[in-house]
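A short worksheet on the structure shown next.
The values are calculated or read from the model by the stated rules, or taken from the named source; none is laboratory data. Because the structure is a prediction, the values reported are computed rather than measured. No Cβ is skipped: glycine too gets one built from the backbone with ideal geometry, and neighbour counts run over all protein chains shown. We work out accessible area using only protein heavy atoms, side chains counted, and drop any ligands, DNA or RNA first. Shrake-Rupley method; radii C 1.70, N 1.55, O 1.52, S 1.80 Å.
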Amino acid sequence: MTRFIFITGGVVSSLGKGLMAASLAALLQARGYRVRIRKFDPYLNVDPGTMSPYQHGEVYVTDDGAETDLDLGHYERFTGVPSRQSDNVTSGRIYSTIIAKERRGDYLGATVQVIPHVTDAIKQFARAETDGLDFVLCEIGGTVGDIESLPFMEAIRQLRNDLGRNGSVFVHLTLVPYIAAAGELKTKPTQHSVRDLTALGIQPDVLVCRCERPLPESERAKIALFCNVRKEAVIPALDARTIYGVPLQYHAEGLDAAVLDAFGIAAGPSPNLGRWDDIVDRIGNPEGEVTIGVVGKYTGLLDAYKSLHEALTHGGIANRVKVNIRWLDAELFEADAADVAARLEPMHAILVPGGFGERGSEGKIAAVRFARERKVPFFGICLGMQMACIEGARNTAGIDQASTTEFGPTTEPVVGLITEWESARGRQIREAGGDLGGTMRLGAFPAKLAGNSHVRGIYGAEDISERHRHRYEVNIHYREALEDGGLVFSGMSPDGSLPEIVERPDHPWFVGVQFHPELKSKPFDPHPLFASFVAAAVRQSRLV
Ligand code: GLN
């Protein structure tokens with residue numbers, strides 16, 4: 001039997017609902033249960049693919065090519081369960097499906113309404129593809145009281161009846177603020193938010209209370225009394241020193257036991273959380289530190305590079321070092337070369353991440369040049385690889401006008417629009433000037449690594465699969481010129497048509513990848529490229 005855990009949030013946003021869902025799933029998994037986490041996003045975009053990373057943070061891409069909310073990245077990092085298209089739905093997707101059906105005449109003359117049509121579609125989504133699972137955790141985006149999330153609240157209210165008492169549990173995350181003037185933690189906002197929830201017909205079974213200070217027993221009892229929840233099911237949640245300590249903290253406070261109890265399942269002995277202990281130990285007791293400069297565009301909002309940040313941390317875990325990340329705005333590098341050197345000299349390694357658009361590109365190219373000439377470890381990801389190829393073309397292959405068609409017409413399109421590629425859905429063909437939404441090469445694609453290459457050694461394999469999200473590619477016609485300049489194409493799509501990896505054999509660590517390896521890295525299974533890159537930064541730190 002598949003049981004459902006519905007997770008809502010109250011009082012304010014940014015309390016760490018996604019992290020709580022991911023941690024709870026990890027704890028249930030440690031107890032031997034098979035879990036999957038889903039996210040319901042109330043906004044009207046069909047998917048977050050076209051939303052600005054400044055506003056919404058990174059777009060997390062799944063193996064099956066869905067552009068999803070960044071919380072799915074947390075889910076995957078904490079559980080190791082690869083997310084799928086069916087794990088993220090938005091109001092936009094639900095409505096566009098319903099409206100398309102209405103236009104086809106599928107509703108046979110009925111009036112199409114929020115209840116039951118929208119709520120039914122949400123319920124179907126929640127229950128799809130759940131075979132073999134013990135628990136499905138569904139996180140509802142936003143905060144109770146939002147107009148947008150009402151249909152989702154109504155759908156989960158109905159689901160409780162559909163699934164039966166033992167088939168569903170409601171977990172509500174709230175804030176218990178500390179008021180310095182009174183010297184007290186205040187429970188009123190929690191009471192109000194639970195009242196809002198009960199007004200929608202949802203009585204939470206478990207309350208998770210985010211607080212800056214330890215929650216006194218008296219306040220816990222008060223919350224239990226006023227919110228109609230058992231005292232053991234009021235779980236205090238203080239800030240953790242690292243996000244990877246959150247599962248251990250929630251376990252210590254009894255979250256997994258309270259949820260199982262709400263289902264009427266005996267919790268049994270404590271699960272083995274050894275892998276989380278090890279990660280927290282490695283983060284808490286590093287044997288050294290390195291500083292890595294990330295030269296990108298969206299450096300103002302850290303969520304824009306969420307998975308990258310985590311993957312670098314995982315590289316640190318693998319090497320038992322602390323990774324200090326310096327987010328450097330690429331536009332600052334466009335002034336003069338002396339300035340570039342001054343900013344980059346303190347770095348033990350340089351990374352140019354993925355991105356879109358021309359702004360800051362000359363700064364990124366200058367950063368690649370610095371890393372190449374000074375032999376500082378360099379990692380280029382997606383747009384970063386493309387910039388490495390343009391830098392190589394201009395400065396080592398004599399192609400002064402090298403550019404990408406992404407930035408406008410060019411006589412030397414070292415990077416150009418991908419027009420055709422193979423995918424699981426057959427051959428994909430694109431034309432210049434088409435729609436921008438949902439037209440990228442998205443999801444997992446295989447690549448073949450050259451026999452004696454650096455990356456072949458790093459992966460320890462010839463065949464790999466990595467996730468992609470791009471519209472442009474390095475132009476294969478420039479291969480010979482670039483290779484003559486020392487930039488070797490060491491990974492290709494299996495049919496040999498798309499360059500996937502470039503590297504410089506005459507450099508200590510210089511790798512550019514067309515895909516996003518950061519999406520698959522996990523704290524307990526750091527991605528080999530990030531583990532190796534951070535190891536190279538450690539070697540560099542011993543040189544300087
Ligand atoms: N803008 C580039 C492209 O579309 C790179 C995309 C990325 O870095 N994710 O190919």
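For the modelled label position 7 Å from the Cα of L301 along Cα-to-Cβ, which residues of segment 31-52 have backbone nitrogen atoms closer than 11 Å?
Correct set: 51-52.
Can you run phi through the Karplus equation (6.51, -1.76, 1.60; θ = phi - 60°) for segment 446-463 and list ³J(HN,Hα) in whole Hz, with x for Gly and Pro?
These are the phi-based 3J(HN,Hα) values: x, 9, 10, 9, 5, x, 9, 7, 5, 5, 4, x, 5, 6, x, 7, 9, 10 Hz.
Which of the three applies to segment 453-496, rounded, prolate or oblate, going by the alpha-carbon gyration tensor with a ≥ b ≥ c and a/c under 1.5 meaning rounded? Don't skip to the end; give the middle numbers.
Working: a/c = 2.21, a/b = 1.20, b/c = 1.85.
Note, shape of segment 453-496 comes out oblate.
Can you compute the label reach from K186? Point 7 Å from Cα along the Cβ direction, backbone N cut-off under 19 Å, restricted to segment 235-253.
237
Roughly what would the spin-label model give for E129 and N452, points 7 Å off Cα along C-beta, in nm?
So the label points at E129 and N452 sit 4.3 nm apart.
Quote to one decimal, in nm, the extra length available between F524 and R165 on full extension: 0.36 nm per residue of separation minus the C-alpha distance between them.
On the way: separation 359, 0.36 × 359 = 129.24 nm, distance 3.52 nm.
Additional length available on full extension: 125.7 nm.
Run the numbers on segment 458-509 and let me know its relative contact order in percent, using alpha-carbon pairs under 8 Å that are six or more apart. Working shown, then result.
Numbers: 41 pairs, mean separation 14.2, N = 52.
Once normalised by length, the contact order is 27 percent.
At 222 nm, what value in deg cm²/dmol follows for the chain if DSSP H runs of at least 4 each add -39500 (n - 2.57) and the sum is divided by all its residues, to the nearest 500? Numbers along the way, then the final one.
Details: 18 runs with 191 residues, N = 544.
After summing the helix terms and dividing by the residues of the chain, the value is -10500 deg cm²/dmol.
On a 23 Å Cα-Cα criterion, which of the cross-link pairs K375/K448; K39/K448; K123/K231; K297/K522; K123/K520; K17/K186 come out too long? Each step should come with its number before you reach the end.
Values: K375/K448 26 Å; K39/K448 34 Å; K123/K231 31 Å; K297/K522 25 Å; K123/K520 29 Å; K17/K186 20 Å.
Table pairs above 23 Å Cα-Cα are K375/K448; K39/K448; K123/K231; K297/K522; K123/K520.
According to a simple spin-label model (label point 7 Å from Cα along Cα-to-Cβ), what is the distance in nm between E358 and D484?
With each label point 7 Å from Cα toward Cβ, the separation is 2.9 nm.
Once you place label points 7 Å from the Cα toward the Cβ at A252 and D278, how far apart are they in nm?
Each label point is offset 7 Å from its Cα along the Cβ direction, giving 2.1 nm.
Within 10 Å of each candidate Cβ there may be at most 16 other Cβ atoms; applying that plus a DSSP loop requirement, which chymotrypsin sites (Phe, Trp or Tyr not before Pro) in segment 85-166 survive? Please report the intermediate quantities before stating the final value.
On the way: sites: Y95, Y107, F125, F135, F152; in loops: Y107.
Here the sparse-neighbourhood loop sites are Y107.
Using per-residue counts of other Cβ atoms within 10 Å, averaged over each peptide, order 517-530, 223-236 from highest down. Intermediate values should be presented prior to the final figure.
Values: 517-530: 22.4, 223-236: 18.6.
Top of the packing list down: 517-530, 223-236.
What helices does the chain hold that run 18 Å or longer along their axis, going by alpha-carbon atoms, with a Kyte-Doolittle average of -0.5 or more, using DSSP H for the helix calls?
Working: long enough: 17-30 (20 Å, 1.25); 91-104 (20 Å, -0.69); 150-163 (19 Å, -0.16); 306-319 (20 Å, -0.28); 361-374 (20 Å, -0.62); 383-396 (19 Å, 0.12); 528-543 (23 Å, 0.82).
Counting only whole DSSP H runs, the qualifying helices are 17-30, 150-163, 306-319, 383-396, 528-543.
Using amide H atoms built in the peptide plane, which far-off residues or other-chain residues are under 5 Å from G355 H to H?
Amide H neighbours of G355: L383, G384.
Considering only DSSP beta bridges with both partners in the chain, what is the antiparallel share in %, to the nearest 5?
So the antiparallel bridges amount to about 35 percent of the total.
Between T291 and A110, what's the calculated FRET efficiency when r is the beta-carbon distance and R0 is 60 Å? Round to 0.05. All intermediate terms of the calculation are to be shown ahead of the outcome.
On the way: r = 62 Å, r/R0 = 1.04.
Approximately 0.45, to the nearest 0.05.
Between L498 and residues 5 or more places away or on another chain, which pairs have amide H atoms under 5 Å apart, with H built 1.01 Å from N, and which residues are they?
S493
Computed FRET efficiency, Cβ-Cβ of Q401 and L543, R0 30 Å: what is it to the nearest 0.05? Walk me through the numbers on the way to the answer.
Values: r = 35 Å, r/R0 = 1.18.
Using R0 = 30 Å, I get an efficiency of 0.25.
Leaving out ligands and nucleic acids, and using a 1.4 Å probe, what accessible area per residue does the chain come to in Å²? Write out the running numbers ahead of the final one.
Working: 22070 Å² over 544 residues.
Here the residues of the chain average 41 Å² of exposed surface.
Between the alpha-carbon centers of segment 141-160 and segment 198-245, tell me the distance in whole angstrom.
After rounding, the separation between the Cα centres reads 20 Å.
Highest mean first, what order results for 67-73, 172-178, 488-494 on Cβ atoms within 10 Å? Don't jump to the answer; show the numbers that get you there.
On the way: 67-73: 24.4, 172-178: 22.4, 488-494: 20.6.
Highest mean packing first, the order is 67-73, 172-178, 488-494.
In terms of modelled amide H atoms, which long-range or inter-chain residues lie less than 5 Å from the amide H of L137?
I5, R36, I37, R38
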